[in-house]
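Q: Handing you this structure, nothing more for now.
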Amino acid sequence: MSDLDSLDHERYVEEAIALAREAGARGDGPYGSLLVVDDAVVMEETNRERTEDDLALHPELTVARRMARELAPEERERAVLYTSTEPCPMCSGGLSISNLGAVVYSVSGARAAEEFGGSEGVPCGEVFERRGRDVDVVGPVLEAEGLAVHREFRDGD
(Lines give C-alpha, C1' and ligand atoms only; values in the text may rest on other atoms or scores of the structure.)
Protein backbone atom coordinates (compact mmCIF):
# COMPACT_ATOMS: atom_id res chain seq x y z
CA MET A 1 0.00 0.00 0.00
CA SER A 2 1.06 3.60 -0.52
CA ASP A 3 2.73 5.23 2.47
CA LEU A 4 -0.30 7.03 3.90
CA ASP A 5 1.79 9.48 5.90
CA SER A 6 3.43 10.82 2.75
CA LEU A 7 0.15 11.65 0.97
CA ASP A 8 -1.59 15.04 1.06
CA HIS A 9 -4.92 13.87 2.44
CA GLU A 10 -6.48 17.32 2.46
CA ARG A 11 -5.71 17.95 -1.21
CA TYR A 12 -7.26 14.68 -2.31
CA VAL A 13 -10.27 14.98 0.01
CA GLU A 14 -10.88 18.48 -1.41
CA GLU A 15 -11.00 16.88 -4.87
CA ALA A 16 -13.45 14.22 -3.63
CA ILE A 17 -15.64 16.95 -2.13
CA ALA A 18 -15.59 18.83 -5.46
CA LEU A 19 -16.78 15.64 -7.17
CA ALA A 20 -19.53 15.33 -4.54
CA ARG A 21 -20.60 18.90 -5.24
CA GLU A 22 -20.73 18.06 -8.98
CA ALA A 23 -22.96 15.04 -8.28
CA GLY A 24 -25.29 17.08 -6.08
CA ALA A 25 -25.58 19.84 -8.67
CA ARG A 26 -26.57 17.20 -11.22
CA GLY A 27 -29.34 15.92 -8.93
CA ASP A 28 -27.58 12.87 -7.54
CA GLY A 29 -26.66 12.49 -3.87
CA PRO A 30 -23.54 14.53 -3.01
CA TYR A 31 -20.90 11.81 -3.06
CA GLY A 32 -17.59 11.73 -4.90
CA SER A 33 -14.50 9.56 -4.83
CA LEU A 34 -11.10 9.34 -6.42
CA LEU A 35 -8.47 6.65 -6.47
CA VAL A 36 -4.81 7.46 -5.89
CA VAL A 37 -1.95 5.09 -6.72
CA ASP A 38 1.62 6.18 -6.03
CA ASP A 39 0.45 9.76 -5.34
CA ALA A 40 -1.33 10.08 -8.70
CA VAL A 41 -5.09 10.19 -9.33
CA VAL A 42 -5.98 7.25 -11.58
CA MET A 43 -9.80 7.29 -11.32
CA GLU A 44 -12.59 9.68 -10.40
CA GLU A 45 -16.27 8.88 -9.92
CA THR A 46 -19.42 10.62 -8.76
CA ASN A 47 -22.69 9.29 -7.45
CA ARG A 48 -25.13 8.47 -10.28
CA GLU A 49 -27.97 6.72 -8.45
CA ARG A 50 -30.71 9.10 -9.58
CA THR A 51 -29.52 10.14 -13.04
CA GLU A 52 -28.73 6.55 -14.09
CA ASP A 53 -31.63 5.06 -12.08
CA ASP A 54 -29.31 2.48 -10.48
CA LEU A 55 -29.11 2.27 -6.70
CA ALA A 56 -25.67 0.61 -6.88
CA LEU A 57 -23.95 3.51 -8.66
CA HIS A 58 -22.27 4.88 -5.56
CA PRO A 59 -18.86 6.29 -6.53
CA GLU A 60 -16.98 3.98 -4.16
CA LEU A 61 -18.52 0.82 -5.61
CA THR A 62 -18.00 2.09 -9.15
CA VAL A 63 -14.32 2.68 -8.33
CA ALA A 64 -14.05 -0.82 -6.81
CA ARG A 65 -15.50 -2.40 -9.95
CA ARG A 66 -13.26 -0.38 -12.27
CA MET A 67 -10.22 -1.02 -10.11
CA ALA A 68 -10.78 -4.79 -10.25
CA ARG A 69 -10.99 -4.64 -14.06
CA GLU A 70 -8.33 -2.05 -14.85
CA LEU A 71 -5.54 -2.33 -12.27
CA ALA A 72 -3.07 -5.09 -11.52
CA PRO A 73 -3.31 -6.70 -8.06
CA GLU A 74 -0.15 -4.97 -6.83
CA GLU A 75 -1.52 -1.57 -7.93
CA ARG A 76 -4.79 -2.22 -6.09
CA GLU A 77 -2.89 -3.01 -2.89
CA ARG A 78 -1.12 0.38 -3.14
CA ALA A 79 -4.33 2.23 -3.98
CA VAL A 80 -5.95 4.76 -1.65
CA LEU A 81 -9.60 5.71 -2.08
CA TYR A 82 -10.35 9.32 -1.15
CA THR A 83 -14.04 9.88 -0.67
CA SER A 84 -16.35 12.65 0.44
CA THR A 85 -18.27 10.39 2.85
CA GLU A 86 -17.32 7.10 4.49
CA PRO A 87 -18.23 4.14 2.25
CA CYS A 88 -21.49 2.42 3.13
CA PRO A 89 -21.47 -1.34 3.88
CA MET A 90 -22.31 -2.23 0.24
CA CYS A 91 -19.40 -0.17 -1.07
CA SER A 92 -17.07 -1.37 1.67
CA GLY A 93 -17.80 -4.98 0.70
CA GLY A 94 -16.92 -4.23 -2.92
CA LEU A 95 -13.78 -2.38 -1.91
CA SER A 96 -12.64 -5.27 0.26
CA ILE A 97 -13.05 -7.72 -2.61
CA SER A 98 -11.03 -5.42 -4.89
CA ASN A 99 -8.04 -5.57 -2.48
CA LEU A 100 -7.86 -1.82 -1.91
CA GLY A 101 -5.02 -0.62 0.33
CA ALA A 102 -6.65 2.28 2.21
CA VAL A 103 -9.64 4.60 2.53
CA VAL A 104 -9.55 8.27 3.52
CA TYR A 105 -12.93 9.95 4.03
CA SER A 106 -14.26 13.38 4.93
CA VAL A 107 -17.52 12.62 6.78
CA SER A 108 -18.17 9.43 8.71
CA GLY A 109 -21.42 7.54 8.25
CA ALA A 110 -22.19 8.09 11.93
CA ARG A 111 -21.71 11.86 11.64
CA ALA A 112 -23.84 12.05 8.49
CA ALA A 113 -26.63 10.13 10.25
CA GLU A 114 -26.33 12.38 13.31
CA GLU A 115 -26.52 15.54 11.19
CA PHE A 116 -29.08 14.51 8.57
CA GLY A 117 -30.93 11.45 9.90
CA GLY A 118 -31.01 7.95 8.56
CA SER A 119 -28.95 4.94 9.47
CA GLU A 120 -25.25 5.26 10.24
CA GLY A 121 -24.77 1.75 8.89
CA VAL A 122 -21.64 -0.19 9.77
CA PRO A 123 -18.30 1.64 9.75
CA CYS A 124 -16.21 0.66 6.74
CA GLY A 125 -13.34 -0.49 8.97
CA GLU A 126 -15.66 -3.05 10.59
CA VAL A 127 -16.73 -4.35 7.18
CA PHE A 128 -13.09 -4.75 6.15
CA GLU A 129 -12.26 -6.54 9.42
CA ARG A 130 -15.24 -8.90 9.11
CA ARG A 131 -14.08 -9.82 5.62
CA GLY A 132 -10.57 -10.47 6.92
CA ARG A 133 -9.04 -7.54 5.00
CA ASP A 134 -6.35 -5.27 6.36
CA VAL A 135 -7.42 -1.91 4.90
CA ASP A 136 -6.19 1.26 6.58
CA VAL A 137 -8.96 3.78 7.28
CA VAL A 138 -8.32 7.48 7.93
CA GLY A 139 -10.99 10.03 8.73
CA PRO A 140 -12.54 12.38 9.18
CA VAL A 141 -10.48 14.78 7.05
CA LEU A 142 -11.94 18.24 6.28
CA GLU A 143 -15.18 17.16 7.94
CA ALA A 144 -16.72 20.67 8.00
CA GLU A 145 -16.23 21.01 4.24
CA GLY A 146 -17.72 17.58 3.62
CA LEU A 147 -20.74 18.34 5.79
CA ALA A 148 -21.22 21.64 3.94
CA VAL A 149 -21.73 19.78 0.65
CA HIS A 150 -24.46 17.67 2.25
CA ARG A 151 -26.12 20.81 3.65
CA GLU A 152 -25.99 22.55 0.26
CA PHE A 153 -27.64 19.54 -1.35
CA ARG A 154 -30.38 19.29 1.27
CA ASP A 155 -31.06 23.02 1.19
CA GLY A 156 -31.44 22.81 -2.60
CA ASP A 157 -33.87 19.86 -2.53
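Q: Please determine, in degrees from 0 to 90 and to the nearest 10, the orientation of helix 59-70 with respect to the longest principal axis defined by the Cα atoms of the chain, where the helix direction is its Cα long axis.
A: Computed tilt is about 30 degrees.
Q: Next question. Rolling a 1.4 Å sphere over the protein heavy atoms, what is the accessible area per residue of the chain, to the nearest Å²?
A: Roughly 47 Å² per residue, with all protein chains present.
Q: Just the Cα atoms of region 10-157, one point each, no solvent: what log10 I(q)/I(0) does Debye give at q = 0.10, 0.13, 0.15 Å⁻¹?
A: -0.29, -0.49, -0.66
Q: For V103, list long-range residues whose amide hydrogen, built 1.01 Å from N in the peptide plane, is under 5 Å from its own amide hydrogen.
A: L81, D136, V137, V138
Q: Moving on. Could you check what % of the DSSP bridge pairs in the chain are antiparallel, to the nearest 5?
A: 55
Q: Now for a separate question. Please compute the modelled spin-label separation between F116 and R65, points set 7 Å along Cα→Cβ, answer in nm with one decimal.
A: 2.2
Q: Can you give me the long-range amide H partners of M43? Hydrogens built in the peptide plane at 1.01 Å from N, cutoff under 5 Å, separation of 5 or more residues or another chain.
A: L35
Q: Still on this model: What whole number of Å gives the distance from the Cα centroid of region 112-135 to the Cα centroid of region 22-98?
A: First find each Cα centre; the distance between them is then 16 Å.
Q: I would also like to ask the following. Report the label-to-label distance for R151 and E129 in nanometres (one decimal), using points 7 Å from each Cα along the Cα→Cβ vector.
A: It is 3.2 nm.
Q: I've got another one for you. Which ³J(HN,Hα) values in Hz, rounded to whole numbers, follow from the phi angles of region 115-121 under the Karplus curve 6.51 cos²θ - 1.76 cosθ + 1.60, where θ = phi - 60° and Gly and Pro get x?
A: 6, 10, x, x, 8, 7, x
The values are calculated or read from the model by the stated rules, or taken from the named source; none is laboratory data. In this text the structure is predicted, and so the values were computed from the model without any measurement. Note that we place each Cβ from the backbone using ideal geometry, even for glycine, and neighbour counts take in every protein chain shown. Just the protein is used for accessible areas: all its heavy atoms, side chains included, with ligands, DNA and RNA removed. Shrake-Rupley method; radii C 1.70, N 1.55, O 1.52, S 1.80 Å.
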